[in-house]
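S.K.: Structure below; questions to follow.
The values are calculated or read from the model by the stated rules, or taken from the named source; none is laboratory data. Being a predicted model, the structure only gives us computed values, none of them experimental. No Cβ is skipped: glycine too gets one built from the backbone with ideal geometry, and neighbour counts run over all protein chains shown. All accessible areas refer to the heavy atoms of the entire protein, side chains included, with ligands and DNA or RNA removed. Shrake-Rupley method; radii C 1.70, N 1.55, O 1.52, S 1.80 Å.
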Amino acid sequence: MRRVRQLLPRTFQGRLTLGFVGVVLLTLLLVSGLAINRLDDYFSAQEQQNLTTRTAAVANIVRVFLERAAGTRPVVGPNNTLDPQAALLLADEDFLQPLADRIAQADIRIRVGQTTIDSTGAATVVPAPGGDVAATLQAPPLRGQARELIGRTDRFTVSSSPLFPWGLEVTLSNPYTFRASTIADLTVVVGLVAFVALIVALAVASLIARRFTTPLRRLTEASRVIAEGDLTARVPANLASAGSSEIAALSRQFNAMAAQLEESVEIIRRDRDRSREFLADVSHELRTPIAALRTFNELLREQAGDDPVARAEFLESSSQQLERLDWLAQNLLEISKLDSGLVLLDLRPDDLRTAVESAVEQAEAAARRRGVELSLRLPSRPVRIRHDPQRIGQVISNLVGNALKFTPRGGSVTVELEPYRDGARIRVSDTGVGIDASELPRIFERFYRGSRANEARSSGSGLGLAIVRSIVDMHHGRITVESRLGQGSTFTVYLPHDPRRDEELAPPADPTTPATSDPAMPGPGPAAESAAEPAAAERAAPGAPIR
Ligand code: ADP
């Protein structure tokens, strides 16, 4: 059994072909076997019929010749005696042999005598003395003829002499027939036809099997390429639809899976790159205050430690750097929480005015210190939307903090809240330095600091707007920025009525406000008004730390 299995082809195409050819072969064998068998039966019946005719012919000839030999006398007389002339004729080999060789084409036996009717009504010939003769077929067979082991006996009652009725019994055996050779010829023809049919079946089967297996081979090839690391490999679309519908579906599914895999790996790769960049940024941010602290420490231990003024100054600077380090550590903790999805919003259907108002109040002291006018415009009616008051407060604080930071003394910062469609719109505008159009697309990135950031009176670390974007995203809201260099900036936050309902995503840009543009395509020039919002891909990224 194992040997037979080893002989079987191993490929799907080979097995499919073998199976198909096997079925065709079996069908041919059954059909041709049955057909030849039926034909054999038919020829046997024909030969029997033939034999009957020849028996009758032999009987007629014998009767005529016997009657002619007997003349006016009865052929079989009283006491079952054969007429002497008739007896002579029967004994004559020249009479019998031609009958056997030409008419009967078989061994013959002739019995002549009185007939009796038995109890069943069947006639029996009682052969008269000298009335039982036989001859063996001696003529050579014709082409295709062969002896057949069949025989037939017929009885004929002759009533030409009413006084002495007599009868004839003719037996033909082992006749020449064409049956065997005809069947042999037919078997050869059927065999040939079957052979041709098999060859055709083999060709058709291998073609069909090939058609079936080509997409499978492509699938294997694509899987191999993917396994080797090239995730762009796919089964060609035309081949995917070539085979059966199941294989086409499998190919389509495979392509879909490969596309999904490629996308997932791409996302993971982007995340990994971002994490690396982020780690590098963090190390860089940490290095500056640590280096400063080390320098202050060394100076204090050396000569400056004795000078009270220098000592106080270095201690003050050290405490500022420590504060900065503390602030960074807090933000980094928040980042890791946001990245791991641990930060959940505490959504409440509260009046948004409260969160905005308290954030602005907290910034008032800083505004006074910086000599910037801070004003707040609130609607008279409550703006009830589902939001996390503390996080929205952080958004306002960060935006107002930036506005104050980048607005020179004497300038103004305005915070404005109003209902917008089902949700709300918060605007924070300033009359500050503005943002260069080329920098607009990047200001929401983590650790990105604009070129004018150093000119500002207080430097940041580029995390504030990333935090804002993250919180707005968590609320399914949207943030846009418009800025004119040297004249000021306006940040607008759109919040939906209920972030839990997907259809209530942030509304599209209000046609009444200046148009916002893609961050990748900043405004026409530095003098022109520029606008940006975080790119969609970035918005899908994990949030930023909370200040
Ligand atoms: P930072 O801590 O540096 O303020 P942010 O993420 O808050 O970090 O801001 C990123 C950059 O965007 C800033 O460095 C600054 O260049 C620019 N920016 C933000 N807000 C304003 C504003 N109101 N006016 C001018 N530039 C701003």
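S.K.: Could you report the chain's accessible area per residue, 1.4 Å probe, as an integer in Å²? Don't jump to the answer; show the numbers that get you there.
M.R.: Working: 30720 Å² over 547 residues.
Solvent-accessible surface per residue comes out at 56 Å².
S.K.: With angles folded into 0 to 90 degrees, how steeply does helix 12-70 sit against the dominant principal axis of the chain? Use alpha carbons for both and round to 10.
M.R.: For helix 12-70, the angle is close to 10 degrees.
S.K.: Ok, one more. So if I average 1/r over every pair of distinct C-alpha atoms in the range 111-206 and take the inverse, what Kirkwood radius in Å does that give?
M.R.: 17.9
S.K.: Let me ask something additional. Give a residue-ordered list of calculated ³J(HN,Hα) values for the range 479-491 (Karplus: 6.51 cos²θ - 1.76 cosθ + 1.60, θ = phi - 60°; whole Hz; x for Gly, Pro).
M.R.: Along the range 479-491, the couplings run 10, 10, 9, 10, 8, 10, 4, x, 10, x, 9, 10, 9 Hz.
S.K.: Which GluC sites (Glu not before Pro) from the range 186-261 combine a DSSP loop assignment with at most 10 other Cβ atoms within 10 Å?
M.R.: Values: sites: Glu221, Glu228, Glu246; in loops: Glu228.
Loop-located and lightly packed - Glu228.
S.K.: With θ taken as phi - 60° and the coefficients 6.51, -1.76 and 1.60, list the Karplus ³J(HN,Hα) couplings across the range 176-183 in order, rounded to whole Hz; mark glycine and proline as x.
M.R.: 6, 9, 9, 4, 4, 6, 4, 4
S.K.: List every residue whose amide H lies under 5 Å from the amide H of Leu82, counting only residues 5 or more places away in sequence or on a different chain, with H placed 1.01 Å from N in the peptide plane.
M.R.: Result for Leu82 returns Gly77.
S.K.: Would you work out the charge dipole size for the chain about its Cα centre, treating the Cβ of every Lys and Arg as +1 and the Cβ of every Asp and Glu as -1, and quote it to the nearest 20 debye?
M.R.: Values: 63 positive and 65 negative charges, 173 e Å.
So the dipole magnitude of the chain works out to roughly 820 debye.
S.K.: Which values, in whole Å and largest first, are the semi-axes of the equivalent ellipsoid of the range 234-342 obtained as the square root of 5 times each eigenvalue of the Cα gyration tensor? Walk me through the numbers before you get to the answer.
M.R.: Details: eigenvalues 746, 31, 7 Å².
Here the semi-axes work out to 61, 12, 6 Å.
S.K.: Report, in deg cm²/dmol and to the nearest 500, the calculated mean residue ellipticity at 222 nm for the chain, where each DSSP H run with n ≥ 4 adds -39500 (n - 2.57) and the sum is divided by the residue count. Show your work: numbers first, answer last.
M.R.: Numbers: 12 runs with 272 residues, N = 547.
Value at 222 nm, helices only: -17500 deg cm²/dmol.
S.K.: Report, for the chain, the % of DSSP beta bridges that are antiparallel, rounded to 5.
M.R.: 90
S.K.: Identify, among Leu16, Leu99, Pro129, the residue whose Cα sits farthest towards the positive end of the charge dipole of the chain, taking +1 on the Cβ of Lys and Arg and -1 on the Cβ of Asp and Glu, with the dipole about the Cα centre.
M.R.: Pro129
S.K.: Could you give the angle, 0 to 90 degrees to the nearest 10, between helix 464-474's Cα long axis and the longest principal axis of the Cα atoms of the chain?
M.R.: The angle comes out near 40 degrees.
S.K.: Moving to a separate point now. Across the range 250-257, in residue order, what do the Karplus-derived ³J(HN,Hα) couplings come to in whole Hz, using 6.51 cos²θ - 1.76 cosθ + 1.60 with θ = phi - 60° and x for Gly and Pro?
M.R.: Those phi angles translate into 4, 5, 4, 4, 4, 4, 4, 5 Hz.
S.K.: Taking the 0 to 90 degree range and rounding to the nearest ten, how far is the long axis of helix 389-405 tilted relative to the main principal axis of the chain, both from C-alpha atoms?
M.R.: Here the helix axis deviates by roughly 60 degrees.
S.K.: Please compute the volume of the convex hull spanned by the alpha-carbon atoms of the chain and report it per residue in Å³. Mind dumping the intermediate values first?
M.R.: Values: hull volume 188.7 nm³, N = 547.
Spread over its residues, the Cα hull of the chain gives 345 Å³ apiece.
S.K.: Oh, and also: Among DSSP beta bridges whose residues both lie in the range 333-425, state the antiparallel percentage, nearest 5. Don't skip to the answer; put the middle values down first.
M.R.: Working: 5 of 10 bridges.
In the range 333-425, DSSP labels about 50 percent of beta bridges as antiparallel.
S.K.: What is the Cα coordinate range of the range 256-411 on the first, second and third principal axes, sorted by size from largest, in whole angstrom?
M.R.: For the range 256-411, the Cα spread along each principal axis is 69, 54, 26 Å.
S.K.: How big is the range 261-310 on each of its three principal axes, counting only the C-alpha atoms and giving the largest first in Å?
M.R.: 66, 14, 6
S.K.: Among Ser251, Leu333, Gln320, pick out the residue whose Cα is farthest towards the positive end of the charge dipole of the range 234-342, where Lys and Arg carry +1 and Asp and Glu carry -1 on C-beta, about the Cα centre.
M.R.: In the range 234-342, that residue is Ser251.
S.K.: Accessible area of the chain with a 1.4 Å probe: how many percent of it is carbon plus sulfur?
M.R.: On the way: 17360 of 30720 Å².
Looking at the chain in its full context, I get 56 percent from C and S.
S.K.: A further question follows. Can you send over the solvent-accessible area of Glu416, 1.4 Å probe, protein chains only, in Å² to the nearest 10?
M.R.: That residue has around 40 Å² of solvent-accessible surface.
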